[in-house]
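*Asks:* The structure under discussion is supplied below as structure tokens; questions concerning it will follow.
No lab work stands behind these numbers, since they all come straight from the coordinates. The model shown is predicted, which means the values in this text are computed figures rather than measured ones. A quick note on method: Cβ atoms are made from the backbone with ideal geometry, for glycine too, and the neighbour counts reach across all protein chains shown.
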Amino acid sequence: MSIDRRLVLASASPARLSLLRQAGLAPEVVVSHVDESAVRAPRVAEQVALLAAAKAAAVAKQETDALVIGCDSLLEFHGKPLGKPADAAEARDRWQRMAGRSGILHTGQALFDVQEGAVVGRDIAVASTVVYFASPTPQEIEAYLATGEPLAVAGAFTLDGLGAPFVRRVEGDPAAVVGLSLTVLRTQLAKRGLAITDLWRR
């Protein structure tokens, strides 16, 4: 059975949009424009949860009837959060430090249920996945940097793009590493009395 509820993704991430579409969903995209630098927390998992909630809240204010998904991802490496690198030099330094080691990719995910212009339900969760990195050669690192991809993503790597060959394995939810946990989304929808299959559009 299909339910006529609008699904809104409060993110400009093409990876998150692609993930939802591949899962049979048809979200609209409304970018939140939240100032991420203004949000800080003592632990990385708390920070991504706060950011995800802030993004969902910002977009929910613009909606009258929608299920709004806000997300944020950060790589925790040696206890410190790593978002998008500022430039190629920073991305190179990260890869030199991450090579052969592991980090924890935290993805915060907020689902706000907006009905008649009011938020009637909100659920905020964090999916944390251990990522084990390979040891790319200096030539491979330079080739990867030249593509520009590592400058556009949290942690300077992807699991669904050009960076995939440099990830040995993950422990946890691989979709969350891409930027959105479908398992978490299913659980969040269930709390609202919805099955994820209700929102399939194919």
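*Asks:* So which GluC sites (Glu not before Pro) in the range 104-202 are both in a DSSP loop and have at most 11 other Cβ atoms within 10 Å of their Cβ?
*Replies:* Passing sites in the range 104-202 are Glu116.
*Asks:* Among (1) 17.0, 51; (2) 17.1, 55; (3) 18.8, 56, which is the computed Rg and Dmax of the Cα atoms in Å?
*Replies:* Only one listed value fits the structure, namely (2).
*Asks:* Let me ask something else about it. Out of the range 85-155, which trypsin sites (Lys or Arg not before Pro) are coil in DSSP terms and have no more than 15 other C-beta atoms within 10 Å?
*Replies:* Arg101
*Asks:* Just to be sure I understand: if I project the alpha-carbon convex hull of the range 64-145 onto a plane and average over all orientations, what area do I get in nm²?
*Replies:* 6.9
*Asks:* Hey, another quick one. If you put +1 on each Lys and Arg Cβ and -1 on each Asp and Glu Cβ, how big is the dipole of the chain around its Cα centre, in Debye rounded to 20?
*Replies:* For the chain, the charge dipole is close to 320 debye.
*Asks:* Please report, in debye to the nearest 20, how large the charge dipole of the range 83-202 is about its Cα centre when each Lys and Arg carries +1 at its beta carbon and each Asp and Glu carries -1 there.
*Replies:* It works out to roughly 280 debye.
*Asks:* Within the chain, which DSSP H helices have Cα atoms that stretch 20 Å or more along the helix axis and a mean Kyte-Doolittle hydropathy of at least 1.0?
*Replies:* Span-like helices here: 44-60.
*Asks:* What share of Cα pairs, in percent, lie more than 18 angstrom apart in the range 93-185?
*Replies:* Beyond 18 Å sits 50 percent of the P(r) for the range 93-185.
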